[in-house]
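Each remark here refers to the structure printed beneath this line.
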Amino acid sequence: TVVMMQEFLKVVISAFVLFGGNKDTRKKALKGWNLKTALMIGGLPAALYCVQNMAALMAYQNLEPLTFNVLNQTKTLSAALCCYLIMGRKQSKAQMASLVILLSSALIIEKVISLSAPFVSFGGGGGVAATATQHFTQGVAPILLASFISGLAGALAQKNLQSSSGDAKGGRNPYLFNMEMNSASALILAASLLFSADGSRIRAAGFFDGWTPQTWIPIVTNALGGIIVGLVTKHAGAVRKGFALIFGILISGLWEVQTVGIAREQIIGGIFAALSLWMHTAYPYKSKAERKKE
């Protein structure tokens with residue numbers, strides 16, 4: 001119900017901006033619009049994002065905020081790969097190195113790569129192993145799956161939002177695209193409730209069972225964040241969008257310092273993530289013609 005409400009709120013906010021904004025922009029966005037095209041453009045990313053949201057929600061409930069954000073950074077790897085396969089967007093050698101550093105930061109945070117011997121560790125034994133297994137299956141694995149799906153869906157979204165040359169002035173209006181994609185997501189989620197245990201519980205106890213006023217906080221923030229993501233994807237691309245999570249890492253890190261403390265691995269991992277962001281921004285891919293001009 002949380003994810004469904006989140007998708008519905010995105011549609012409402014996007015519609016408010018699109019229909020309440022500039023008349024010429026609205027007419028241009030809606031020119032030639034039809035339901036078949038809307039379903040084709042929004043349906044596949046919507047289905048992918050639905051799976052991503054459910055996996056991310058499970059991980060969110062089983063991981064610390066900083067660990068969640070850093071592992072979520074791996075979506076940039078899949079975004080780079082999928083942008084190349086789907087759109088032919090290449091990465092420079094420095095950018096590819098930055099993506100490897102980004103993945104390393106996630107592994108350091110998760111303590112798969114240790115800062116002391118042994119340098120690679122996947123958990124201990126006994127009860128600790130059982131806890132580590134649950135931590136992986138219900139936390140780490142879902143967020144890695146969500147990150148990969150996000151990269152794939154991001155590449156598809158970028159293809160629709162930008163022109164074939166990568167110009168943000170071309171392509172689909174981001175608010176219209178959000179309305180199409182999130183409407184499809186809400187319909188997919190509603191259909192899934194007909195065949196799931198959650199659907200039976202909702203029919204018995206009501207849609208808002210277990211909700212509190214605090215439940216609306218992640219719904220509203222994620223809805224607003226999803227709309228901003230659409231704008232960033234259109235104007236900066238799916239790969240750069242992933243690097244924006246560095247701010248989430250810094251905020252989560254500052255919060256954990258005040259509550260449970262921050263581990264050495266989290267500090268080093270955050271530094272690696274910041275370094276990868278700088279490398280990817282400072283050394284973009286340039287074609288042979290562009291290099292010759294320089």
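Taking a threshold of 31 Å on the Cα-Cα distance, which of the pairs Lys234/Lys286; Lys159/Lys288; Lys10/Lys31; Lys31/Lys286 fall above it? In this structure, Lys31/Lys286 exceed 31 Å between Cα atoms.
Highest mean first, the peptides 54-61, 204-211, 6-13 sorted by other C-beta atoms within 10 Å per residue fall in the order 6-13, 54-61, 204-211. Net charge in the neighbourhood of Cys50 (other residues with Cβ under 15 Å of its Cβ; Lys, Arg +1, Asp, Glu -1) is -2. FRET efficiency for the pair Gln134 and Trp216, taken as 1/(1 + (r/R0)^6) with r the Cβ-Cβ distance and R0 = 30 Å, rounds to 0.55.
What's the ranking of 92-101, 226-235, 172-181 by average number of surrounding C-beta atoms within 10 Å, highest first?
172-181, 226-235, 92-101
Rule-based calculations on the coordinates, nothing more; no lab input. This is a predicted model, so every value here is computed, not measured. Methodologically, a virtual Cβ is constructed for each residue, glycine included, from the backbone with ideal geometry; neighbour enumeration extends over all protein chains shown.
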